[in-house]
Amino acid sequence: MSGRSGSSGTVKHVIDPNRPAWKATARTLVLYNPKSEWRFAIYNDEGIIDGALTDVSAEAAPERAQERLLAKVEEITEQRYVARWKQDRPHWWTADLSASL
């Protein structure tokens with residue numbers, strides 16, 4: 001899921017939809033913005049997956065990042081979810097997920 005890139009040792013997370021962890025039912029999403037980029041963690045039945053939303057600018061509204069993360073999770077897991085987002089602290093949101101009917 002991850003590999004090293006560049007001489008700085010920056011870790012890049014790559015979404016691999018063929019890995020079983022990506023197909024597992026997602027339970028909770030965490031989204032945060034440390035000012036440089038939107039980061040996420042997906043808690044699912046197989047564990048935790050983390051990475052960055054590279055297609056959403058750091059300056060984007062939280063709602064845009066939330067929509068994009070949920071869409072990404074739905075696309076990869078091939079499941080539909082209802083997300084109940086709450087802001088836990090500045091620049092940090094969590095969402096409990098339930099299956100969409």
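Taken over the range 39-84, the criterion of being in a loop (DSSP other than H, G, I, E, B) and closer than 19 Å to D96 by Cβ is satisfied by D45, E46, Q79, R80. As a summary of the residue check, E74 satisfies the conditions (1) over 19 Å from K23 (Cβ atoms); (2) in contact with a Lys or Arg (Cβ under 8 Å, 6 or more places away or on another chain) except for the one numbered (1). Scanning the range 56-101 for residues that are within 11 Å of A26 (Cα to Cα) and within 10 Å of the chain's Cα centre (by Cα), we see that the one that is surrounded by the most Cβ atoms within 10 Å (Cβ to Cβ) is V73.
For the range 65-77, enumerate the residues that are over 16 Å from W92 (Cβ atoms) and free of Cβ contacts under 8 Å to residues at least 60 places away in the same chain. Within the range 65-77, E67, R68, L70, A71, K72, V73, E74, E75, T77 qualify. Residues that are of a type in the set (G, A, S), out of contact with any strand residue (DSSP E or B) (no Cβ under 9 Å at 6 or more places or on another chain) and either modelled with pLDDT under 95 or loosely packed, with under 10 Cβ neighbours inside 10 Å (or both) occur in the range 37-55; there is at least one.
The values are calculated or read from the model by the stated rules, or taken from the named source; none is laboratory data. In this text, all values refer to a predicted model and were calculated from it rather than measured experimentally. Positions of Cβ are backbone-derived with ideal geometry, glycine not excepted, and every protein chain shown enters the neighbour counts.
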